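Worksheet: the structure to be examined is printed underneath.
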Amino acid sequence: MTGRNQTFISEFLLLGLPVESKQQNLFYAMFLVMYLTTILGNLLIIALIRLDSHLHTPMYLFLSNLSFSDLCFSSVTMPKLLQNMQSQVPSIPYSGCLAQMYFFLFFADLESFLLVAMAYDRYVAICFPLHYTTILSPKLCLLLVVLSWVLTTFHALLHTLLMARLWFCADNMIPHFFCDMSALLKLVCSDTRVNELVIFIMGGIILVIPFLLIIMSYARIVSSILKVPSARGIHRAFSTCGSHLSVVSLFYGTVIGLYLCPSANNSTVKETVMAMMYTVVTPMLNPFIYSLRNRDMKGAFGRVFHKRKIIFSL
Ligand SMILES: *[C@@H]1O[C@H](CO)[C@@H](O)[C@H](O)[C@H]1NC(C)=O
């Protein structure tokens, strides 16, 4: 039954965004600006944290790792999207498609694990302020980062290998702007039950456990603030954690909305817009959400540029 339809597909066509050709240029300009903002904003954060020794604390080292992860995450999809918007045949080779899927999963997971590490960091800082430096030693920070990289490597590899063993039908058109795992699975002719089971189980673990850990961290933080209510303490805690919580809700809100609450009518437009939210908007907003209302970052900005100015004027 399936034997006749099986062909070797050497490339896929990424149909991209559901926009009319008249608006294509407008969207191209918009995405180019968003991508450049993401790159510059995150590079600025990494550079500031590197250059300013006041920011060599666990919180900022995790933030710098998150910026690096954001930078790579948007570079997995955006350059190809921008290239395809300008070309007549928006194709991607089979191996390129699998590579894109691998790196997409890799950096999405890494982001998720780093957000957990950052929530743990805030939890220790607010609930055990006196033991902060002993608990979050440089060794533990490095261990958390390395553990995130190892876990995410295995998870992305598992899905990519499971995908690589499948046969595709003659249809090679992906109605999406990147090689999304669920969009690819719809084109497969062979049995996808194992893949769907693994996506369901691993997706649950990778999304739900970090999300619960983050919620638990913040619940402990809020209860410890309310135990000793002082206006200054409350203000300080909410201003540091507020920015953090907004990133978390933006990231998990869209991912969970997309994968755990799929709509009944399965509209491609809605799925694409939601995918846009966490692939393009979250990595772009992260640097701004963290640095806008943050005194340390502003201070670092002033110090780093002031120092340069003095060096240049000498
Ligand atoms: C990531 O975190 C580790 C451990 O805290 C740190 O040594 C490293 O410099 C960070 N990497 C980046 C790119 O900031």
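The values are calculated or read from the model by the stated rules, or taken from the named source; none is laboratory data. Bear in mind the structure is a predicted one, so any value in this text is a computation, not a measurement. Here the Cβ is made from the backbone with ideal geometry for all residues, glycine too, and neighbour counts use every protein chain on show. When the accessible area is computed, the model is the full protein with side chains, heavy atoms only, and any ligands, DNA or RNA have been set aside. Shrake-Rupley method; radii C 1.70, N 1.55, O 1.52, S 1.80 Å.
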Item to check | the chain, accessible surface, carbon-and-sulfur percent (1.4 angstrom probe) | outcome: 70 percent
Next on the checklist: Give me the 1.4 Å probe accessible area per residue for the chain, excluding ligands and nucleic acids, in Å².
Outcome noted: 54 Å²
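Between Ala99 and Met173, what is 0.36 nm times their sequence separation minus the Cα-Cα distance? Round to one decimal in nm.
24.9 nm
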Item to check | Label point distance in nm, Phe128-Leu197, each placed 7 Å from Cα along Cα→Cβ | outcome: 4.0 nm
Checklist outcome for this item: Helix 138-164 sits off the longest principal axis of the Cα atoms of the chain, rounded to the nearest 10 on a 0 to 90 degree scale, by 10 degrees
Checklist entry - How high is the FRET efficiency from Ser91 to His54, r the C-beta distance, R0 45 Å, rounded to 0.05? => result 0.40
Checklist entry - Rounded to the nearest 0.05, what FRET efficiency is calculated for Ile205 and Leu142 with R0 set to 25 Å and r the Cβ-Cβ distance? => result 0.55
Next on the checklist: Roughly how far apart, in whole Å, are the Cα centres of region 172-215 and region 225-260?
Outcome noted: 28 Å
Checklist outcome for this item: Taking r as the C-beta separation of Lys270 and Arg165 and R0 as 30 Å, the FRET efficiency to the nearest 0.05 is 0.45
Item to check | Candidate lysines for bridging to Lys307, where Cα separation is under 26 Å - those fewer than 8 sequence places away on the same chain excluded | outcome: Lys298
Checklist outcome for this item: Ordered by number, the chymotrypsin sites (Phe, Trp or Tyr not before Pro) in region 1-70 that occupy a DSSP loop and have at most 11 other Cβ atoms within 10 Å are Phe8
Checklist outcome for this item: Against the 2.2 N^0.38 Å rule of thumb, the C-alpha Rg of region 1-149 sits at a ratio of 1.40
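For region 104-234, which semi-axes, largest first and in whole Å, follow from the square roots of 5 times the eigenvalues of its Cα gyration tensor? List each step's numbers first, then the result.
Details: eigenvalues 331, 50, 25 Å².
So the equivalent ellipsoid measures 41, 16, 11 Å along its semi-axes.
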Item to check | Amide H contacts under 5 Å for Phe178, placed H, 5+ residues apart | outcome: none
Checklist entry - Each label point is 7 Å from the Cα along the Cα-to-Cβ direction; what then is the distance between the points at Arg295 and Val222, in nm? => result 2.5 nm
Item to check | Computed over the chain, the ratio Rg/Rh where both radii use C-alpha atoms and Rh is Kirkwood | outcome: 1.02
Checklist outcome for this item: Listed by chain and number, the lysines with an alpha carbon less than 20 angstrom from that of Lys227, same-chain partners under 8 positions apart left out, are none
Checklist entry - How much mean residue ellipticity at 222 nm does the chain get from its helices, if each DSSP H run of length 4 or more adds -39500 (n - 2.57) and you divide by all residues, to the nearest 500 deg cm²/dmol? => result -25500 deg cm²/dmol
